[in-house]
Amino acid sequence: MGSLAWQRSKGFRVQRLQFHPCGNFNETYEQELTIFETDFGRLCLLGGLLVLFGIIPFLSHAYILYVINIIGIYAIAAIGLNLLIGYTGQISLGHGAFFGVGAYSAAILATKANCPFLIAIPLAGLITAVVGMAFGIPSVRLKHLYLTIATLAGQFILEYVFVQWGGLTGGAEGISIPTATLFGIDLGTDRTFFFVIFICFTVMTWMAVNLIRTRYGRAFIAIRDNDRAAEGMGIPIFFYKLLSFAISSFYAGLAGGLFAYYMISITPEPFNLWLSIEFIAIIIIGGLGSIPGSVFGAIFIITLNEILGHATEFLMNIGASIGLGITIAPLREFVYGLAIILFIIFEPKGLAEVWRIVRSSFRLWPFSY
Amino acid sequence: MEFFLQILINGLSIGFLYALAALGFVMIFKSSSVLNFAHGELMALGAFLFLVLSTWARLPIVLALLLTLIGSFSLGFVIERFFLRPLIGEALIEVIMLTVGLAIMFKGLMLFIFGGDIHSYPEFLPKALAFHWGAVEVPGVYVASFLAGLIFLALFGFFFKYSSQGIYMRSVADNQRAAMSLGVHVRRVFALSWAIAALVCAMSGIVLGIINGINVHEVSSIGLKVFPVVILGGLDSIGGAILGGIIIGLLETFTGGYISTALREVVPYIVLIIILLIKPYGLFGLAEIERV
């Protein structure tokens, strides 16, 4: 193994500081299941968390902080969706609506039931998990594209409910939510909310990473790889598919709840098919079946969105000053679609794979080939 | 009674339109099992091409129609060659997302060029097509769309039944590997099926444009309505697509007329879920028996 061993003094414990081995020599299952192959990775994580919580919220400009918060919310939902699509292999086109269910549950709990923030958010997740399970029921009999179409129908039905169930959801006007307080701290500012979002994000990522290493996660992967073989090995497929739907919707609902509190007021408009597509785009561009990939994807898509938004605004201002009356806003959609297509054709494993290649080429330097 | 008849006729004509749109969809699915999310955008592209040729370039209608069909036929080829071919054999979700990406790209492009307003064609249909039947009035466009649909159906029926290319396409749909080993050029079949599907899309887009005027958003939402239609009829059945289209069209207009207009947009999807739960392969779809 490529590890350095230091003998502290005579005959005492051998302290091993692990660096990366130059090859993959797993000898036990424990080694294969480890999250961090080396201590260096663990150190990086610690450093990353320190930067995330200690430096970013205090140095960032308010606008940047807003973008980072949105990235955090989307990343939580994307991790959930990746558990469903990337690990269990069940495609859902309804996650935009599930996200909306979470947002609406949190808003309704906050306004109608006076639920405190700490209870409303997990409850929103649970409600969404139940809804997601209900829409996952068709997966008993349906696979692949049939299931995709069923979840597409779920998306439209939920959208209809958001608009039409005026008594509960406030119809097209939506709901405005009072500012949340947590342990007496006002969560109205970007900075305080940053901590809420990213504590949730850290916990949910940690849960997802560990979930995959349990029997549940292995069952998910078995179903994805070959459902008939999985059934043959005694995995109750339907139970695990529903469980996957539930967990994934829980993530979406939790993210939706955070979104509702962060946005202060919600309308049915953002939770449309476009949002579902955006989530899928995130995990495809990030990398299917990769938790860090979902985060990379969220960063990529949200940043792209913001840049395109600013670019169109900028170009429109120029156009207005010259006297050209063209709107360039649709160009944003065009670039967005193009990005999805290019990624699928040229790097189908997504940014996670790009990241891996870059990393290993550094690691193997100067003998990378 | 008059109201009922009017709704019936509206429903039939909308249903026929759905059927026409679903035809292209089934065509792609039958030969390459690709779920095409860019369907509505392909329809809109055809409709706009016709608009450009007929009103902006002021070509005679027949010539414009012919050029549109040729144009969308080649567009189908291009799409297959550059976007779908690299993905042969890839996972389902990637293919689906690719068509979603195409849809977004085309939509952005069309919004950029034509904007989000409704455009309409000049009147060119002969007045004689419209007819009155008692108090019920059937506008000429409906008759025209019905006729266009019938012509296309007959053409495709013959194409699939008798022409060698049609038989190749059916063989590829049935069993790709067997078809390949018997010397069918599978990739050419894929390309051809996309080209034909784009052509059918353009045709249905034009008919839609004549009836309602063309608006990018509206046409692309009709592209999504294709899903309930084809699921109801069976994903790989052309006859099923037509019947499914008509049933969904009737269902929509009757819900809109008698229950509530807001429900109208969702009813197809509710039906879709029910069908998927009860009879997932639709009315005429080929049931692949696979129980897990």
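Below are the figures for this structure:
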| read-out | value |
| --- | --- |
| Only listed residue being in a helix (DSSP H, G or I) and of a type outside the set (Asp, Glu), chosen from A:96, A:89 | A:96 |
| Flag for residue A:337 being within 14 Å of chain B (Cβ to nearest Cβ) and touching a residue at least 24 places away in the same chain (Cβ under 8 Å) | no |
| Matching helices (runs of 4 or more DSSP H) fully within the stretch B:196-292 where at least 2 residues are more than 13 Å from chain A (Cβ to nearest Cβ) | B:216-233, B:238-254 |
| The stretch A:202-238: number of residues that are away from every other protein chain (no Cβ under 14 Å), out of contact with any Leu (no Cβ under 9 Å at 6 or more places or on another chain) and in a helix (DSSP H, G or I) | 9 |
| Residue A:130 being at pLDDT 80 or above, surrounded by fewer than 21 Cβ atoms within 10 Å (Cβ to Cβ), more than 18 Å from residue A:259 (Cα to Cα) and away from every other protein chain (no Cβ under 14 Å) | yes |
| Count - residues of the stretch B:162-195 that are hydroxyl-bearing (Ser, Thr, Tyr) and in a loop (DSSP other than H, G, I, E, B) | 1 |
| Selected residue [surrounded by 24 or more Cβ atoms within 10 Å (Cβ to Cβ) and more than 14 Å from the chain's Cα centre (by Cα)] from A:75, A:106 | A:106 |
| So residue A:273, is it within 11 Å of chain B (Cβ to nearest Cβ), over 18 Å from residue A:298 (Cβ atoms) and in contact (Cβ under 8 Å) with a residue 24 or more places away in the chain | yes |
| Filter pass, residue B:195 being surrounded by fewer than 24 Cβ atoms within 10 Å (Cβ to Cβ), over 29 Å from residue A:94 (Cβ atoms), in contact with a Gly (Cβ under 8 Å, 6 or more places away or on another chain) and not polar (S, T, N, Q) | yes |
| Residues located in the stretch A:59-92, provided they are in contact (Cβ under 8 Å) with a residue 60 or more places away in the chain, over 20 Å from residue A:243 (Cβ atoms) and not polar (S, T, N, Q) | A:62, A:65, A:66, A:67, A:68, A:70, A:71, A:72, A:73, A:74, A:75 |
| Subset of the stretch B:234-275 [more than 28 Å from residue B:2 (Cβ to Cβ) and not aliphatic (A, V, I, L, M)] | B:234, B:236, B:237, B:239, B:240, B:269 |
| Selection status of residue B:29, over 15 Å from the mean Cα position of the chain (by Cα), more than 23 Å from residue B:215 (Cα to Cα) and either surrounded by fewer than 24 Cβ atoms within 10 Å (Cβ to Cβ) or at pLDDT below 80 (or both) | no |
| Neighbours by Cβ (under 8 Å, 6+ apart or cross-chain): first from the stretch A:141-152, facing another protein chain (nearest Cβ under 7 Å) and surrounded by fewer than 20 Cβ atoms within 10 Å (Cβ to Cβ); second assigned to a helix (DSSP H, G or I) and of a type in the set (Gly, Ala, Ser) | A:142/A:150 |
| Complete set of residues in the stretch B:83-118 that are under 18 Å from residue B:186 (Cβ atoms) and either among the small types (Gly, Ala, Ser) or at pLDDT 85 or above (or both) | B:83, B:89 |
| Matching residues in the stretch B:80-119 - criterion: being aromatic (Phe, Trp, Tyr) and either more than 7 Å from chain A (Cβ to nearest Cβ) or touching a residue at least 40 places away in the same chain (Cβ under 8 Å) (or both) | B:82, B:106, B:114 |
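Yes/no per residue for (1) under 13 Å from the mean Cα position of the chain (by Cα); (2) not hydroxyl-bearing (Ser, Thr, Tyr):
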| position | (1), (2) |
| --- | --- |
| B:201 | yes, yes |
| B:204 | yes, no |
| B:211 | no, yes |
| B:215 | no, yes |
| B:220 | yes, no |
| B:237 | no, no |
| B:242 | yes, yes |
| B:257 | no, yes |
| B:263 | no, yes |
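Okay, residues lined up against (1) within 14 Å of another protein chain (Cβ to nearest Cβ); (2) on the phi > 0 side of the Ramachandran plot; (3) of a type outside the set (A, V, I, L, M, F, W, C):
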residue	(1), (2), (3)
A:111	no, no, yes
A:154	yes, no, yes
A:171	yes, yes, yes
A:186	no, no, yes
A:192	no, no, yes
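For (1) of a type in the set (Asp, Glu); (2) out of contact with any helix residue (DSSP H, G or I) (no Cβ under 9 Å at 6 or more places or on another chain), each residue gets a yes or a no:
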| position | (1), (2) |
| --- | --- |
| A:232 | no, yes |
| A:235 | no, no |
| A:258 | no, no |
| A:271 | no, no |
| A:278 | yes, no |
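The values are calculated or read from the model by the stated rules, or taken from the named source; none is laboratory data. It should be emphasised that the depicted structure is a prediction, and the values quoted were computed from it without experimental measurement. Counting neighbours? That spans all protein chains shown, and the Cβs are built from the backbone with ideal geometry, glycine included.
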